[in-house]
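Everything on this sheet refers to the single structure shown next.
Each value in this text was obtained by applying a stated rule to the coordinates, not by laboratory testing. What you are looking at is a predicted structure, and each value in this text was computed from that prediction instead of being measured. When we count neighbours, we look across all protein chains shown, and the Cβ atoms used for this are built from the backbone with ideal geometry, even at glycine.
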Amino acid sequence: MTPADLVKSLSEEIKDACAGIRLLTEYGEVPAAENVVSVNVFEQVLPKDCFENTTYLPFVLIELLQVEDDLKEGSTAQIGLSFGVYGLESDGWQDLFHLTETCRERLLTKRLIAQKYRLVRAEWQTVQADTQPLPFQYATAILTYSIFQPQDVEIINTFC
């Protein structure tokens with residue numbers, strides 16, 4: 001399915017972009033080597049076991065929000081990105097925006113994903129909640145990509 005493949009392709013791209021980032025986990029009040037981890041990248045849902053056995057922060061969650069078909073303009077998929085980090089009150093927001101900016105830069109400079117999904121809405125909207133549940137910091141972004149539009153079988157058969 002094309003939209004699910006887009007989510008998977010974005011997941012691979014974001015994992016690559018965030019490969020060198022290590023941020024504080026919720027299990028450590030003081031930054032230390034044992035209290036920082038790589039960024040988790042999830043597709044569509046946060047896994048249940050993340051809440052039971054381990055920390056899920058820092059994370060990027062990639063969600064398919066909506067598919068829209070316009071017979072003249074083409075089909076698009078709206079993708080939501082949710083970002084979460086754990087940080088001390090004084091610097092948690094910096095980690096959050098470092099993570100969002102890393103993803104923003106990658107996806108805006110590489111607007112074609114998996115050689116078939118083009119970013120059609122170049123505007124990146126990152127929204128941070130007015131009141132953050134400190135020491136947790138969250139933000140979201142919404143992107144729109146073009147996707148394959150199924151063709152009318154009857155029209156295709158008349159040309160064959």
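With R₀ set to 22 Å, the beta-carbon distance separating E63 from E101 gives a calculated FRET efficiency near 0.65.
Multiplying the residue separation of K15 and K116 by 0.36 nm and subtracting their alpha-carbon distance yields 34.5 nm. Close amide H contacts of S75 (hydrogens built in the peptide plane, cut-off under 5 Å, sequence separation of 5 or more or a different chain): D70, I147, Q149. Using the Cβ atoms and a cut-off under 13 Å, what net charge is assigned to the surroundings of T109, where Lys and Arg are +1 and Asp and Glu are -1? That works out to 0. Note on K72: lysines with a C-alpha under 20 Å away, same-chain residues under 8 apart excluded, are K116.
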